[in-house]
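Reading through the structure tokens given below for one structure.
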Amino acid sequence: MNGQLAQRLHDLRRANGLSQEELARKLAVSRQAVSKWECGDALPSTENLFALAELYGVGMATLMDDVRNDAREEDRRAGYDVEPRAACSEAGTAADADVPSSDSAPPARRKPSGRWLKIACLALLGIVAATFIVCCVAAKPDLHVIEGTVVASDRASDDFVVDLGRGYNYRYWVISVDSNTMYSHAIEQDGEAPEETETDPFAPAIGQHVQVSIKTHAQNAPQATNLAESVCVIEQAERES
């Protein structure tokens, strides 16, 4: 088994007394697809996740938590959880090591004057400060913008899943929001280009087309926690007739 979601899907199927072939017939998929889900080689589509949650009598939030935990574990293995401050500290230590110490200098007949000692100390402080600033700027996350359709949402936490569509290595992004997240709607007026207007926090609805701004170190790969800086609703969900 590979991942919490794969293990949970396997255990739920066994607990409900279903074989992989029987489950595949209920979901109108192949037995190989079910096997890949339970081995962690593939992720069920959003529609299949909803169907599995309903069939097994579990909440969609439970399966979404498993997706988040699996993504967090992948981030940890990829090294995205390395603290940038540690890198700055190491760089600062390396800069200190490059500066010759007074102990390594040959003995002089005359003691250095106070003026030159002050200049040397200021130079050392300048090198350490410059190294620290460069490291912190390099470690600062970039603002990344994604655009797609809301395919799942958790009303309890206001987290939601955005589907970027086919052609992306990481198609599904789990988005989290907090009190600092800014919300807006792109409203089209008289056929002109849509204008963004600020709105109160909204409950993400399945089918909405949204644009989300995220601060991340990995622009092409979702992290375990993708905290949105801003969410703009480009197109509302189609209402059922």
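The values are calculated or read from the model by the stated rules, or taken from the named source; none is laboratory data. Just so you know, these numbers come straight off a predicted model, no measurement behind them. Neighbour counts are summed over all protein chains in view; Cβ atoms, including those assigned to glycine, are modelled from backbone coordinates with ideal geometry.
I'd like to know if segment 178-199 contains one or more residues that are at pLDDT 80 or above and closer than 23 Å to D66 by Cα.
yes
Scanning for something at pLDDT 80 or above, surrounded by 10 or more Cβ atoms within 10 Å (Cβ to Cβ) and closer than 30 Å to Q211 by Cα, does segment 84-99 turn up at least one residue?
The initial filter retains those residues of segment 84-99 that are at pLDDT 80 or above, namely none.
No, every residue in segment 84-99 fails to be at pLDDT 80 or above, surrounded by 10 or more Cβ atoms within 10 Å (Cβ to Cβ) and closer than 30 Å to Q211 by Cα.
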